[in-house]
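The values are calculated or read from the model by the stated rules, or taken from the named source; none is laboratory data. It should be emphasised that the depicted structure is a prediction, and the values quoted were computed from it without experimental measurement. Here the Cβ positions follow ideal geometry from the backbone for every residue, glycine too, while neighbour counts run over all protein chains shown. Heavy atoms of the whole protein, side chains included, go into the accessibility calculation; ligands, DNA and RNA do not. Shrake-Rupley method; radii C 1.70, N 1.55, O 1.52, S 1.80 Å.
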Amino acid sequence: MRTVALLVRQFQYSYRSRPRTYLTSLARRQEDLKDAKSVSAYKLACNTEIYRALNHSFFILRALSINTAKVTGGDVNKAGPLVEYERRISLGELVDGDSCQLGTLRELQRLYDELVESAHACKLDRYTASEKSSRSRWLWSRFLPQSSYSPVKGLYLYGGVGTGKTMLMDLFFDELPCNWRKKRIHFHDFTLNVHSCLQKHKGVADPLEVVAGEIADESVLLCLDEFMVNDVADALILNRLFGHLFSNGVILVATSNRAPDKLYEGGLQRDLFLPFIATLKERCIIHEIGSSIDYRKMTSAEQGFYFIGEDLSVLLKQKFQLLIGEKTVATPQQVEVVMGRKLQVPLGANGCAYFRFEELCDRPLGAADYFGLFKYFHTLALEGVPIFGLHNRTAAYRFVTLVDVMYENKARLLCTAEGSPEELFERIVTISDAQQMAPRTSSRSRKSDDFDLCVDNELGFAKDRTISRLTEMNSKEYLEHHAGLLAEKQLTREDQKEDDAFQA
């Protein structure tokens, strides 16, 4: 009876909001309720009614957009990244960019217009694309070799740090029709996925071709952020991988800090990598964002959740207090994390925990402890993340694990740190990186850098993932998604209370 009553309420709400999408909304609601059973309840310090409206609107609009895509094959009221950029500036959501950003936007708008015009020829629509599997296509290609290059060239954007490359590409990506076969991913995560898929297809004569086919089936338009080649294993497969991708019609949009000719500069066996640069130039238009403005430095630390500098403990505690509620008092807590072991939480309230870095990463804790912690807390305030080097390598390993667990649990991070995510790991290098580093001659450089340089292949590889995840966890999209998850869980609790009252 309780389940029936709950489903009836969901049906009524969804039906009133949008008759054509009530089944989709209801199915999603049921999945969310299943997921919520394994999550501890907590009280939000925000206005529940506002979250209720935002959350239901999100699911209804998403369901509506899916149905619209299936019926019309396109999105309404989307004119491209340049128009959206101007709209956001007029609303004060973005600062007015310089001429270099505007030039880049014109390139993205040109590409957007070409893609819309050639959507059918590029086979972008996921609902009309062939369902033939990549293995099947690979098998047929043994007998009937063929290639299908896209009629539209991609775009490779490069420029200095903080010039807005990621923001501009995200603006472009968000304006694309939702029914297109597209994907936006950090380059580091992309290469990790490729290597994982290669292991899965070990028995195939050419696993790289199969993997490329799988990628092309899923994403005709591939947007890669932070294109950067440091690993020799990646360098040696990129030419063949992207050769297969381009011959399968994939269109690449990428951002990077380096010009194509500077990619993998000084790397081992770079002569084998050079053909990829030629292929990249052939299949993409190369555009430099020549801006000298670092837009990241134009925003103050108080506008986000990652604060750089010293003596920021007071600021972090103020932000922590705002999240738990101005009238809520955080208190020390004790939670069971693994096999009956207890973890002391210095301050905790309303699903938010406050730790100093030493309390979580300078103690003998591991992934199991961190997973246990985030069964009870959805937000972590972490004070005093240091620059990592040889002297605190073990703490660096724990911090990497902590970030991985938080990312897996979609948790929110507030922290104070001695540097940006990239600067935290500057002294952590792989063996190949260390071999390529020029010997230092000045005593100042040797004292400040070389003596604390940590050469560790595993940590050197993992740091890129951590940097990527720290950056994403502080992004607007990630934080909005986090707020949506909290709102849905709160609604689940309220629905449960209403159901219990109805039963009584």
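Run the paramagnetic zone check for residue 93: 7 angstrom along Cα to Cβ, then residues of segment 163-184 with backbone nitrogen under 15 Å.
Only 167-176 fall inside the zone, counting backbone N under 15 Å.
In nanometres, what is the gap between the two model label sites at residue 435 and residue 79, each 7 Å from Cα along Cα-to-Cβ?
For residue 435 paired with residue 79, the spin-label model returns 5.5 nm.
Residues in segment 226-250, backbone N under 20 Å from the label point at residue 274 (7 Å along the Cα-to-beta-carbon vector): list them, ranges by number please.
Only 229-243 fall inside the zone, counting backbone N under 20 Å.
Place a +1 charge on the Cβ of each Lys and Arg in segment 194-270 and a -1 charge on the Cβ of each Asp and Glu, then give the dipole magnitude about the Cα centre in debye, rounded to the nearest 20.
The calculation lands at about 200 debye.
Spin-label point model (7 Å from Cα, Cβ direction): what's the residue 148 to residue 257 distance in nm?
The modelled label-to-label distance comes out at 3.8 nm.
Please give me the summed charge of the neighbours of residue 478: other residues whose Cβ is under 10 Å from its Cβ, Lys and Arg +1, Asp and Glu -1.
Taking every Cβ under 10 Å from that of residue 478, the sum is +1.
Using per-residue counts of other Cβ atoms within 10 Å, averaged over each peptide, order 386-397, 277-288 from highest down.
Highest-to-lowest ranking by the protection proxy: 386-397, 277-288.
Given the peptides 319-330, 231-242, arrange them by the average over their residues of other C-beta atoms within 10 Å, most packed first.
Per-residue mean Cβ counts within 10 Å order the peptides as 231-242, 319-330.
Using a simple spin-label model with points 7 Å from Cα along the Cα→Cβ vector, what separation in nm is obtained for residue 390 and residue 197?
If labels sit at residue 390 and residue 197, their model points lie 4.1 nm apart.
For segment 351-504, with all protein chains present and a 1.4 Å probe, just round the carbon and sulfur fraction of the accessible area to a whole percent.
C and S atoms contribute 51 percent here.
Would you please put 418-425, 181-188 in order of how densely packed they are, using the mean number of other Cβ atoms within 10 angstrom per residue and starting with the highest?
181-188, 418-425
Would you mind working out the accessible area per residue for segment 171-245, using a 1.4 Å probe, and quoting it in Å²?
34 Å²
If you take every residue apart from residue 240 with its C-beta less than 13 Å away from the C-beta of residue 240, what net charge results, scoring Lys and Arg +1 and Asp and Glu -1?
With Lys, Arg at +1 and Asp, Glu at -1, the net is -3.
Using the Cβ atoms and a cut-off under 9 Å, what net charge is assigned to the surroundings of residue 180, where Lys and Arg are +1 and Asp and Glu are -1?
+2
With the cut-off at 1.5 for a/c, could you classify segment 338-411 from its C-alpha gyration tensor as rounded, prolate or oblate?
Note, shape of segment 338-411 comes out prolate.
From the square roots a ≥ b ≥ c of the eigenvalues of the alpha-carbon gyration tensor of segment 164-248, which class results: rounded (a/c under 1.5), prolate (a/b over b/c), or oblate?
Judged from the Cα gyration tensor, segment 164-248 comes out oblate (a/c at least 1.5, b/c at or above a/b).
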